[in-house]
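Right, one structure below, let's go through it.
The values are calculated or read from the model by the stated rules, or taken from the named source; none is laboratory data. Values in this document were obtained by computation on a predicted structure and should not be read as measured data. Heads up, the Cβs are rebuilt from the backbone with ideal geometry, glycines too, and the neighbour counts pull from every protein chain shown. Only protein heavy atoms, including side chains, enter the accessible area calculation; ligands, DNA and RNA are left aside. Shrake-Rupley method; radii C 1.70, N 1.55, O 1.52, S 1.80 Å.
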Amino acid sequence: MADAEETIVLAEMADKYGGRRQALKKVKEHYTKDTLNRLAAQNYAQAGSAYFALTEQGLAAGRQAKRAVSVLRIFCAEILGLTQKETAGHLQTLLGGITPALLERYCTLIGHAYSHKIPEGACCAQAKAHNAETVLPLNQLPVGVDALVIYVQTSQRPELLKLYDLGIHPGKTVRLQQLYPAYIIATEQGRLALDNTLTGFIFVQRT
Amino acid sequence: MTKTLLLIGQNFSGKTELFHNLAENGRIKTIYYPQTGIPYEESFTRIGGERCRLINTPGIYTLIPTSEYEIITLDLILSRQPDKIIFVMQENTLKSSVLIMIQLAELGIPFIVNYVRSVSGAAYVFDRAKLAHTFNAEVVFSSPVFEPSARELKKALERGSKPRWVGNYSRAVEKTLQTFVREFQFQIRSKISLRFLSLMLLLGNKNIAGWLRRNYPPALSRKMLKYMDSRYELANAFAIANRWESLGGNLCRAVWRPEQPRGLRLSYVLEKYSLKFIWDAVIAALSLIFMFGFVNLCGSKMLVNFFYRELLGKYFIPFCTYFLTGWFGDGFLAAFFVGPYGLLTTGLAYALAVMLPLLASFFFAYALLENSGYIDRLSLTFNRLLKLFGLNGYAAPALLFGCCKIAALHKTRTLYTRRERALSLLLLIFFLPCVSQLVIVFNLLTIIPRHYALIFLGVLLGQLFILLNLRRLLPGGTGSHYLSELRPLHLPDPGKVFSAVWAYTRWYLRAICPLIIGISLLLFLSDAVGLLGLLKNLFAPFTVVFLDLPEAFTDSLILGLFRKDLSAVSLYDLANNGMLNSIQVLVACLFISLSAPCLGFVSELGRQRGWRQALLIFALSTAYAFTIAALVNKILRI
């Protein structure tokens, strides 16, 4: 992969221009001649007398760069708790030593593409497939199957905070008993009746 | 300096109702918290002869802020430094409420607990003395139906003393807290305990740090924050949270003992079938037939007959009339007590001899179902149906109180959102008639040709269709969703049923009775100054020209202002005396069924939404009913 500065530039270009031809004059307004020449030298871009465009190879590298930048930005902001200004500084450092294997680990730490707006990588698809088999909203759990509560999205529905008092929180085992007249769930403490809408915000894992 | 009282509790715990109960009339100010747009209310109240500021804070689940509401509540505690706190808790949110109480005990400000529990469906045996002793805090009971007496609360507030800690933390945490308190106790003057401040700093609470920076000299606040920073470890936060969790769990077990329901085996069949397709509707229908059949047989036919017709009609009223006219002649004073709109003959007679027996029998049937745990099942059964109207199962108990619409409207106050309250109000005004009125209207419909009765039902169904579509126009999003615990069904406990009947009856006597008596006084005064006669003369041409009804119908209308069922009875008499033909009966039935509810309902509406809105709703619904009845009349006469 290219160095940190080039990675950021490639990510920006892939996002902004895609594979389309751009007027060289317009591109030069944002990037230095030296940067453009370096990209062309590595076969990431084609530069004619009046136009500029990313090559297939450049576009692929750009997409990967965009993913790396997005993942690391979220990592800095959410895991390290850095401000936007601090993130900009750290990004250069982290991008410098990034490898595809490391990027996957960072991606795992932030919870993959389906919980953030970032380009999906191979690890995201793999995790999605794995979780689809095990973690699912309560309204997709078959009747009579035991499941472990993984996450309750109380930010979406504050009334779900009541579940804590009714004995449902991450780590507790529940079983969907029947779907009529509402979703009826058996817990260690007793039974609950919930609307379908609310069950969509409770994520469980089959045990 | 004016003392400050803070009202704290979880969302939908009944804070606002309590606030309105305590606040000085008409002096409630809604304030929007800067930069958030989240409102909180402020007013004044008198405690022990002293005028205190009363603040109703946004709902919280913990004092460690995780949401905007919690940040605002903590900010209000810090900035207003209340002298006393009223904590409102509900039986169905025990764990989180106990957690808040533990945090309040650390806060060091005297607090009292307003414990809201179900009247007859209580799931726990509650040790009031133990809770009061644990926190050194007074505990006052209330129920979702009636507010606690303001006097009882105020007395508790007068007595309120410094709370007691409920337990210690690990040795390392305790040492840090004690050192902090020792170090800064002479430099910080605050009603909030230093122990609470240091605990919050150990938990990494940024709001407390900001408050210290804003309110104390930079050198002092820097010293405090530096001290706590040096001792801040993530492990401390976990240790404190775990300790609270275990303390809360132990307290819950010590204070609340789950009640052992009786007769579980007997209810097994009901338990199973009350949640099965079709069967749930069958059981719900049977229970409603039982409930309203009981009200009709026991309340309406036996008790009202005995109290109103026999006791009052044959003995008490003639006796009073004889004595009062003997003493005062046929003048104003005699009319005030025993005249056509007199206090004894209408106000007290309807409130105590008609409504009270009717409602007491309803309360008995309702308490029986509530105590057996069936009311929750009924709510669940009606959940899907009510969703069509933009409501949910929570609205079912309120609509069941439709036996008397004033009571039903009063109960809708417990619904979660403004939109739900508005929708249930629309249903009560335009679709659900008073049960006693409904019986008479159906009797009237049986004496007219069947196709006219079908027109009546068609208009009501059309109205229902309009309501179904109208809900989309109301602002306020999708409303709340149904989430409830399903307790096992069991045999009712007679003691609890009777105490619930007494609780509901006391609520009726305190909340509804004064409205009925007030309306009777209003009618008497209107009659005395000639306003009633003027109204009759004013409306008579309209009823004659547009509705083609005789002038005598205006008397039924005036009675309808007082009680809708009386209006229906008067109409029944007119029809039986041959003064109305079939079309006239249909038009009159339509008008009294669709028109604005009685003045008692309007008074309750005024209490909830303000007089301007109540009168507007009254005028609009009357005009609407008049238009529909006039249209049906003119179409049938083409």
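A few comments on the model shown:
- With Rh defined as the Kirkwood radius, the inverse of the mean 1/r over Cα pairs, the Rg/Rh of the stretch B:509-638 is 0.99.
- Bridgeable lysines around A:LYS33 (alpha carbons under 20 Å apart, same-chain partners fewer than 8 residues away excluded): A:LYS16, A:LYS25.
- Taking each DSSP H run with n ≥ 4 as -39500 (n - 2.57) and averaging over every residue of the protein assembly as shown yields -17000 deg cm²/dmol at 222 nm.
- Sorting B:SER230, B:SER13, B:SER246 by solvent-accessible area of protein heavy atoms yields B:SER230, B:SER246, B:SER13, largest first, with a 1.4 Å probe.
- For the stretch B:433-541, the set of trypsin sites (Lys or Arg not before Pro) satisfying both a DSSP loop assignment and a count of at most 13 other C-beta atoms within 10 Å is given as B:ARG472.
- Surface exposure of the protein assembly as shown, expressed per residue as accessible area with a 1.4 Å probe, stands at 47 Å².
- With N counted as the residues of the stretch A:1-120, its alpha-carbon radius of gyration over 2.2 N^0.38 Å works out to 1.10.
- Under 22 Å from B:LYS387, Cα to Cα: lysines that are on another chain or at least 8 residues apart: A:LYS162, B:LYS276, B:LYS405, B:LYS411
- Partner shielding of A:184-192 amounts to 3, given as the average count of beta-carbon atoms from other chains within 10 Å of each residue beta-carbon.
- Take each residue in A:166-172, count the other chain C-beta atoms within 10 Å of its C-beta, and the mean is 1.
- A viscosity of 0.890 mPa s and a temperature of 25 °C, combined with the Kirkwood radius over Cα pairs in Stokes-Einstein, give a translational diffusion coefficient for the stretch B:189-260 of 174 µm²/s.
- Taking the C-alpha atoms of the stretch A:134-206, convex hull volume expressed per residue in Å³: 72
- The heavy atoms of A:ARG157 present about 50 square angstrom of accessible area, all protein chains included, probe 1.4 Å.
- Evaluated at q = 0.12, 0.18 Å⁻¹, the base-10 log of the normalised Debye intensity for the stretch B:1-87, with identical point scatterers placed on the Cα atoms, takes the values -0.32, -0.74.
- For the stretch A:173-182, 3J(HN,Hα) computed residue by residue from phi via the Karplus equation (6.51, -1.76, 1.60; θ = phi - 60°) reads 8, 10, 9, 7, 8, 7, 9, 10, x, 9 Hz, glycine and proline entered as x.
- Ordered from largest to smallest accessible area (heavy atoms of protein chains, 1.4 Å probe), the residues A:GLU133, B:GLU370, B:GLU183 come out as A:GLU133, B:GLU183, B:GLU370.
- Sequence of A:ILE74, B:ILE429 when ordered by accessible area, the most exposed leading, probe 1.4 angstrom: A:ILE74, B:ILE429
- Cα centroid of the stretch A:11-36 to Cα centroid of the stretch A:44-78, whole Å: 10
- Within the same chain, lysines fewer than 8 places from B:LYS191 are excluded, and of the rest, those with a Cα less than 18 Å from its Cα are B:LYS3, B:LYS84, B:LYS162.
- Of A:GLY111, A:GLY89, A:GLY19, the residue with the greatest mean-square motion in the GNM of chain A, using alpha carbon springs below 10 Å, is A:GLY89.
- Intensity falloff of the stretch B:1-146 expressed as log10 I(q)/I(0), Debye formula with alpha-carbon point scatterers, at q = 0.12, 0.22 Å⁻¹: -0.47, -1.59
- Measuring with a 1.4 angstrom probe and ignoring ligands and nucleic acids, B:TRP279 comes out at about 130 Å² accessible.
- Accessible surface of B:SER118 - all protein chains present, 1.4 Å probe, nearest 10 Å²: 40
- Percentage, to the nearest whole number, of Cα pairs in the protein assembly as shown over 56 Å apart: 27
- Counts of other chain beta carbons within 10 angstrom of each beta carbon in peptide B:480-493 average 5.
- Beyond 32 Å, the tail of the calculated P(r) for chain B holds 58 percent of the Cα pairs.
- With kT/(6 pi eta Rh) evaluated at 4 °C and eta = 1.567 mPa s, and Rh the Kirkwood radius from Cα pairs, chain A diffuses with a coefficient of 64 µm²/s according to Stokes-Einstein.
- Phi angles across the stretch B:218-233 convert, under the Karplus curve 6.51 cos²θ - 1.76 cosθ + 1.60 with θ = phi - 60°, into 3J(HN,Hα) values of x, 5, 5, 5, 4, 4, 5, 5, 5, 4, 6, 4, 5, 9, 6, 9 Hz, Gly and Pro given as x.
- Phi-based couplings in Hz for the stretch B:126-142 (Karplus 6.51, -1.76, 1.60; Gly and Pro marked x): 10, 9, 4, 4, 5, 5, 4, 5, 4, 9, 6, 10, 5, 10, 10, 8, 8
- Simple spin-label estimate for B:MET579 and B:ALA237 gives 7.8 nm between the two label positions (7 Å along the Cα-to-Cβ direction from each Cα).
- Considering only chain B, percent of DSSP beta bridges that pair antiparallel, nearest 5: 40
- Fraction of beta bridges assigned by DSSP in the protein assembly as shown that are antiparallel (%, nearest 5): 65
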